[in-house]
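Okay, so here's the structure we're looking at.
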Amino acid sequence: MRSCATILLTAALLLSLTACKKSAPKQERTAIPVQVMVVDTVAGGMTRTYVGEVEENLSVSASFPTGGRVERVYVHEGDRVRAGQILATVNSATAQNAYNSAKASLEQAEDAYKRLKKVYDQGSLAEVKWVEMETTLEKARSLEQIARKQLEDCTLTAPVAGVVGSCNAKAGGSLLPGEPAVTILDMGSVSVTFSVPESEISTVNVGDMACVCIPALDNRTMTGRISDRSVSASRVSHSYQVKIAFPNTDKSLLPGMVCKVLLNQSDNQGYVVPAKCVQTRPEGLSVWVVENGRAQHRLITSSDFVANGVLISSGLHPGDTVITAGMDKLYLNAELRIEN
């Protein structure tokens, strides 16, 4: 009888459990909505963009060695000048008087030299007197040359051909000795100068090709090679100055024009994905990818940041589907619903 009761009790328990299972609602996992992108090879590598400025290759400051009051100015900013052209003059009255005195002393010394030479040739003049005469003549010549140079310095001429960049000389004003009066720019060729951060300077080399776009000239585009790269960084910005030389035959490129510089780093090949896709994990960087309709982790290696995302050098393959939105709800092997 006990065995029968036990069997009946067990059967009753099994029936009750079965009834509970049938009454409990069935929980189904819903697919997580995500957005994706299919990666492809970056054919041209990575392009970096910098802001540059047009600069003249040669700038010469012309000044009066002796200074003085400016009498006349013959040029203005933007004028084209040739080498030797008169730019400005200062008052030359003092210099002219000094030259006249030195010239008269030289003429007197030359006349005395001619007279004494006849006496010296006849042997009637002591050697010491003749040496004194030669010394006096040489001193007079030197003083005359100094005075003539000071008089010539009252007229400022262009040392090179170019364009007047700035003119500080004003008629009636005074200039100190050596103070820049006129600045002449050589516009036959110019350079585009831009700054490269120290983290990127190792990828920039002399001879690399670059593309320059100048908005001031209707977005005129030019290509050139890097001609110079500084070896010391700015202590403030920790960046290096890089220059690209361009011919300026039509003189359309003017100093100060702002331009955009594009450098193509063709050595860096890989796949570009949005920066928000890359996650940091203890084992390294990773992205979520779609495999057989489910979410999977993929470890990657990033080589650099680019304008439209992160450049992935390893870990991805052509045709891989990378999840770009909805990553916050993902878990391993999660079922996905693509909403692109």
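Find the strands (runs of 3 or more DSSP E) located wholly in the range 29-98 whose residues include 3 or more that are farther than 18 Å from Ala171 by Cβ, and list them.
32-38, 46-63
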Looking only at the range 74-84, and only at residues there that are open to solvent by 40 Å² or more (accessible area, probe 1.4 Å) and touching a residue at least 60 places away in the same chain (Cβ under 8 Å), the one that is farthest from Gln145 (Cα to Cα): Gly78
The range 313-340 residues that are in a helix (DSSP H, G or I), paired with ones that are of a type outside the set (Val, Ile, Thr) (beta carbon under 7 Å, 6 or more apart): Met327/Trp288
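Taking the criterion of being over 33 Å from the mean Cα position of the chain (by Cα), at pLDDT 90 or above, of a type in the set (Val, Ile, Thr) and more than 30 Å from Leu336 (Cα to Cα), would at least one residue in the range 44-65 satisfy it?
no
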Pairs with Cβ under 6 Å, 6+ apart, first in the range 57-70 and over 20 Å from Ala161 (Cβ atoms), second at pLDDT 85 or above and charged (D, E, K, R): Pro65/Asp153; Thr66/Asp153
Candidate set from the range 155-203 (those that are closer than 20 Å to Ile226 by Cβ and of a type in the set (Asp, Glu)); member that is most open to solvent (accessible area, probe 1.4 Å): Glu198
Any hit, the range 110-131, residues being open to solvent by less than 90 Å² (accessible area, probe 1.4 Å), among the polar types (S, T, N, Q) and in contact (Cβ under 8 Å) with a residue 12 or more places away in the chain: no
Every pair of residues 6+ apart whose Cβ atoms lie under 8 Å, when the first sits in the range 154-177 and is within 27 Å of Leu254 (Cβ to Cβ) and among the small types (Gly, Ala, Ser) while the second is part of a loop (DSSP other than H, G, I, E, B) and open to solvent by 60 Å² or more (accessible area, probe 1.4 Å): Ala158/Arg82; Ala158/Ala83; Ala161/Arg82; Ala161/Ala83; Gly165/Glu77; Ser166/Glu77
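The values are calculated or read from the model by the stated rules, or taken from the named source; none is laboratory data. This is a predicted model, so every value here is computed, not measured. For neighbour counting, all protein chains shown are included, and Cβ atoms are generated from backbone atoms with ideal geometry for every residue, glycine included. Protein only, heavy atoms only, side chains kept; ligands, DNA and RNA dropped before computing areas. Shrake-Rupley method; radii C 1.70, N 1.55, O 1.52, S 1.80 Å.
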